[in-house]
1. Being aliphatic (A, V, I, L, M) and closer than 22 Å to A:Met148 by Cα is the filter here; which residues of segment B:227-260 pass it?
2. Here's a check for you: in segment A:123-136, which residue that is in contact with a Gly (Cβ under 9 Å, 6 or more places away or on another chain) and over 15 Å from B:Tyr37 (Cβ atoms) is nearest to the other protein chains (Cβ to nearest Cβ)?
3. Which numbered condition in (1) at pLDDT 90 or above; (2) of a type outside the set (Ser, Thr, Tyr); (3) in contact with a His (Cβ under 8 Å, 6 or more places away or on another chain) is the only one that B:Pro178 fails?
4. Of everything in segment B:262-273, what is out of contact with any Pro (no Cβ under 8 Å at 6 or more places or on another chain) and either at the interface with chain A (Cβ under 8 Å from one of its Cβ atoms) or closer than 22 Å to B:Val39 by Cβ (or both)? Give them in sequence order.
5. Looking at (1) modelled with pLDDT of 85 or more; (2) surrounded by 12 or more Cβ atoms within 10 Å (Cβ to Cβ); (3) at the interface with chain A (Cβ under 10 Å from one of its Cβ atoms), which is the one condition that is false for B:Ala32?
6. State all residues of segment B:188-245 that are away from every other protein chain (no Cβ under 12 Å), surrounded by 24 or more Cβ atoms within 10 Å (Cβ to Cβ) and part of a loop (DSSP other than H, G, I, E, B); if no residue qualifies, say none.
7. Inside segment A:106-121, can you point out the residues that are surrounded by 21 or more Cβ atoms within 10 Å (Cβ to Cβ) and aliphatic (A, V, I, L, M)?
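The values are calculated or read from the model by the stated rules, or taken from the named source; none is laboratory data. Quick caveat, the model's predicted, so the values are computed rather than measured. Please note: Cβ atoms are built from the backbone with ideal geometry, for glycine as well, and neighbour counts cover all protein chains shown.
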Amino acid sequence: MSIMKARDNRGGGQGSALLLSSHQMKEKGFASFLLFAGISVLLVLGAFFVTMILQSWPLFRETGLGFFTTLRWAPMENEYSVLPFLAGTLMTSLLSILIAFPFSMALSILLGEYLKTGPFAAAFKSVTELLAGIPSVIYGFWGIMILMPLIQSLQIKLGMIPYGVGVLTASLILSLMIIPYAASLGRDVISMVPGELKEAAYAMGATRWEVIFHVTLPYARSGITAGFFLALGRAVGETMAVTMLIGNSNFIPKGIFSPANTMASVIANEFGEADGLHTTALIAVGLVLMLLTGLINYAGKSIMKRFQVGG
Amino acid sequence: MKNPSVRRRVFKERLFRLTVFVLASLVVVPLAFLLGYIVKKGIGVVNWNFLFSMPAGVGESGGGIVHSLAGTLLLIVIAVALSVPVAVATALFINDHPKNRISRLIRFTVDMLQGIPSIIMGIVVYLWVVLPMKNFSALAGGVALGIMMLPIVIKSTEETLKMVPESLKEASMALGAPYYKTVLHVILPAGLSGILTGILLGVSRIAGETAPLLFTAFGNPFLNTNIFKPVDALPLLIYNYSTSPYPEWHSLAWGASFILVAFVLILNLITRLVVKKWQIKY
């Protein structure tokens, strides 16, 4: 109030019409500042797409659709193809989701049904939050030090070349990284299932697992699916830990033990030293990555929204 | 309970519960091991010399990480300074016009922005900032991290602004205060905790990011505080040292990992305190 009073006094003899107009101007200025900020956020995303498309355009002009149809990435010979990396990305991320699925389902059922409150639930929650906060590069470092030797000795036992790095190693670390995220999404979804439905089932004499399997999970199914889509989106875009553990080979992986490259890891590895068409090709790989994650996240978000509205 | 069908169902229930507990605890094992390993390997490395001196040469023992600590702080300051004003203003706009078409578009954009892989941030900011300025720089790194922070701060601020009661706004307007004063003197102070929470969450999220810095801040073995020159950062140092063949550097990387995890953990604890202490309650 004191500020306004001071302003009134300063306005003094000039009458209140002028005062009002200066307030109105500030009001308008403020409103347009807010609008400007909002629009700048829109522009950032728009400019992201425009930049990526424009910067990768020369590659498509030069090689046409070869980028999506050939199988060879050989920058020295000016041959570029996204397929080895698309294959590597899909293999690592799907494998990691597959590994993460039983564990994160168990965690979300445990936290959403069995241990809703109490010290255990709080401890679980803190630990999962803490793990979600550990930077990707540290997961990668730990993977190099602990997981790589384990996989190497497994490969020796199986009579294979002990690379230690490869699709499986990267997927294992990835699954460890996405379990906390998928589990916390799953817990939220499971705890949103209406109590009356479960109580009705209990009242009819159902055991707990019958309630979970026949009431809770069917009801929460779309929400859980959405959670896995969102986790998949993370796995696809994850860079550092994968770059450190996948072995960086630019061929389509032959199996889960073979070294490969994901779209994100090839960019992290080669972008710094690339020039000319090579840079352009890497930006094109980035564009594909961006569209893929965008699509997966959009699918996840819209399924989740429908679940929340329905529930 | 003698009924065999009931007994079978109860048995199934027990089996299921056991499976859930076993699977859930199986996850906790590697994760606890990971945390324990970081602490075990890292805490012995951390001392005064480690925190406040420059790195030693290859093969020499000792040496510190002061250059990357300073770099990380510089990057965080730049990212916060660039993103927070835009984020808070955007959240205010969405909150003022919740049903507006632009607001809906902004919400969608924020969701999409949050899903963009961090390495893409690196490429785009390289094209936007590094190429025109012909130099890797702390500024470029800060821009990349700032864009990553935007969605987090916008969402957290928006959530808080929703909880500021309408009656507060009405009271201020009824006193004749213009809307911008209502926002600056009533709404924002009431929502301060949420904005702070968002900033802290955002900082703890970007503090460990490596991928967006690879082609922007780039890394620098020397101490640098000039925002137009490349700087080192803790995650960059961990990446470079951990992929090197020298055991001395590996142990430095563990020390840096410990510092980074401790920093993120402390930020999370402060966030919780802020949430608890300054909850909106009217």
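1. Correct list: B:Leu236, B:Leu237, B:Ile238, B:Leu252, B:Ala253, B:Ala256.
2. Among those residues, the one meeting the criterion is A:Gly133.
3. (1)
4. Listed by number, the residues that qualify are B:Ala262, B:Phe263, B:Leu265, B:Ile266, B:Leu267, B:Asn268, B:Leu269, B:Ile270, B:Thr271, B:Arg272.
5. (1)
6. B:Gly191, B:Ala217, B:Asp232 - these are the residues of segment B:188-245 that are away from every other protein chain (no Cβ under 12 Å), surrounded by 24 or more Cβ atoms within 10 Å (Cβ to Cβ) and part of a loop (DSSP other than H, G, I, E, B).
7. A:Ala106, A:Leu107, A:Ile109, A:Leu110, A:Leu111
Here's the yes/no breakdown for (1) over 28 Å from the mean Cα position of the chain (by Cα); (2) not assigned by TED's automatic domain parsing to the domain that holds A:Val266:
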| position | (1), (2) |
| --- | --- |
| A:Ser21 | yes, yes |
| A:Gln24 | yes, yes |
| A:Gly29 | yes, yes |
| A:Phe49 | no, yes |
| A:Met52 | no, yes |
| A:Pro75 | yes, yes |
| A:Gly88 | no, no |
| A:Met91 | no, no |
